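Presented below is the structure to which this report refers.
The values are calculated or read from the model by the stated rules, or taken from the named source; none is laboratory data. Owing to the predicted nature of the structure, the values given are computational and were not obtained by experimental measurement. All Cβ positions, glycine included, derive from the backbone under ideal geometry; neighbour counts span all protein chains shown. Areas reflect the complete protein model, heavy atoms only, side chains present, ligands, DNA and RNA absent. Shrake-Rupley method; radii C 1.70, N 1.55, O 1.52, S 1.80 Å.
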Amino acid sequence: MTATPEPPLRDPGFAPQSYEITELAGGGWSLSNTTAFVSPFQTTFAPILHWAAVAPGRVWMAERHGQGWRSVTYAEAAARIAELAAGLAGLGVGPGRPLMILARNSVDAALLSYAAQMAGAAVATLSPQYAQPGANPARLANAATLVRPAAIYLGEPERSWPQVAAHTSLRDVPVITPAGTQRGLGLDRLAGAAGFDAPPPPPDAPAFLMMTSGSTGEPKAVICTHASICTNVAQVLACFADGAPPVVVNSAPWSHLLGVASVRQMVLHRGGTLYIDAGQPTADGFEETLRNLREVSPTYHHFVPAGWALMADAVEREPALAASFFARLSAMQYGGANLPQSVIDRIQAAAIRATGQRVTLFTSFGCTETGPVVSNIQWPNTRAGLIGLPVPGTAIRMVPAAGDKLEVRVLGPQLSPGYLTAAGLSPLPRDEAGFYPLGDAGRLTEDGGRTVMVFDGRLVENFKLASGTFVSAGTLRVAAVSALGGLAADVVVCGEGEDGVGLLIFLGASRCRADFGDRPLSDLAADPAVRGAVQARLRAMNADALGASGRVARALILPDAPDADAGEVAEKGYLNQALCRARRPGEIARLFAATPDAAVIRLDGAAT
């Protein structure tokens, strides 16, 4: 019997790479990419000036404006940035005098960001949640102490003004607001009439101050220089042979380096067009994303795993959307957390129905301190979970850590020089060989005849059962979500010091309502049929697991969705496991009670 051939796989055009992979004497592995690469731009704003000369009428960025789009060409952007740079310089923004931005992604926020950098200043883009009503005032106070801005841009002044004005250190700082608002200095009055004419900042000057808590929980600002950003973009682009300008629809927040560098700056370096998506990868916020994708067919698309799960539902139920989405899509990317293979299999099935072809899937790996990309997929691929091999000019060490884990450490020109803390500059921590430890685990596997890295969880997320068995929470989370096949939007892995692993389950609204009726989540969570389906799938997963660390003993379906306002869902769309556990002690107590209540699903041999 002849096997049915797989549909063809779209290849976005990968460039040949050269690697060295060797075993370390003390255990673990060394991996490096020796491929040559060139960084054509030395500052973050230089590509705008380049494309303004080469393709002045091409649209650089667009955002929703009523039923249509407000767009800005490269020539318009270059002229406006020079004007804004002069205006910012007049407010004192410049070297050592940062601009703080409290705004959602917008054309104006992007123009101001590059204008400040043209004036020699670093930019600290904070999530608008820092200054929303009810926000923890300590977050904004800590950020203000670290950044000490010369000026602040408020994208939503009516909501954030009271919180900003409440901080003594910010009361005398000039506030810039969108044109036409009643507070602050409107953008229409900021631009300098003569434009800006001054030497560009040196490549090693700070371009961004990215707020992070780091591994200690202490507020820090990661220093990202013009060189580290431009170098990392060049490293990633050296993995591809296709230089065509991309068309991208994206919602990744610019308060995270992924959104700034891996999306916005990547599109900019290639002279592409970025459509700002105001949607969110949540049940309530995803309709705006779908609205945009019905109008714009992207050539490349990035989602966090939660977004791809929602997209799988959407392209399955809406063939016209699938046809538009896959029409010219050359590659799909995910980041922020691991992606269950079951989700991407559903996406590929929809792509085949719409176009007769599969679409290459890739991801990248790294963190704010690493540019952010240290490795990525550099070949046609449809397998989730792989984090690829180092990008050009990057070396990775995988060294023994707790249990049987290997910690990933990295060395390359994209590394940050360190942190801006309240005490001053704190250099990036490095080991004896100069490598930066990420706190993530990895392992090597074979895929299509090549050696490749696989993400093996966050070392800080791992825990021990009462038996002393290590549990890799990240690995188990992906396995459980995949096994549940759409019934779960995500799960929280619990069990520190317990006899077995427990799960708190957030239901997948679309799939559950399709299978069990269009009802509130609370009703679905209490439905014995839903609990039975969840139990059956987790039992099947347990049957294939090797050892207690891969098996689930108990599970509890939660009656609601994660609370994004409380931080349970990070801005990038992934679930904050630690915070979910901290906010739900009652549910965890029910999960591991000696005599659990009837809602707890038993998978440890006892009846439900």
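Annotations for the structure displayed:
- Accessible surface calculations at 1.4 Å, restricted to protein heavy atoms, place region 20-104 at 45 Å² per residue.
- Acute angle (nearest 10 degrees) that the helix 286-295 long axis makes with the longest principal axis of the chain, alpha-carbon atoms: 60 degrees
- Of the peptides 181-191, 434-444, the ranking by mean beta-carbon count within 10 Å, highest at the top, reads 434-444, 181-191.
- Solvent-accessible area per residue for region 423-477 (1.4 angstrom probe, square angstrom): 46 Å²
- Options [x] 28.6; [y] 31.2; [z] 49.7 - which one matches mean projected area of the Cα convex hull in nm² as calculated here: [x]
- Per-residue [θ]222 nm for the chain (sum of -39500 (n - 2.57) over DSSP H runs n ≥ 4, rounded to 500): -8500 deg cm²/dmol
- The chain - percent of accessible surface contributed by carbon and sulfur, probe 1.4 Å: 53 percent
- Surface analysis of region 230-302 yields an accessible area of 27 Å² per residue, using protein heavy atoms and a 1.4 Å probe.
- Global geometry of region 406-550, whether rounded, prolate or oblate, following the gyration tensor of its Cα atoms and the 1.5 cut on a/c: prolate
- Compactness check for region 469-608: Cα Rg over 2.2 N^0.38 Å is 0.97.
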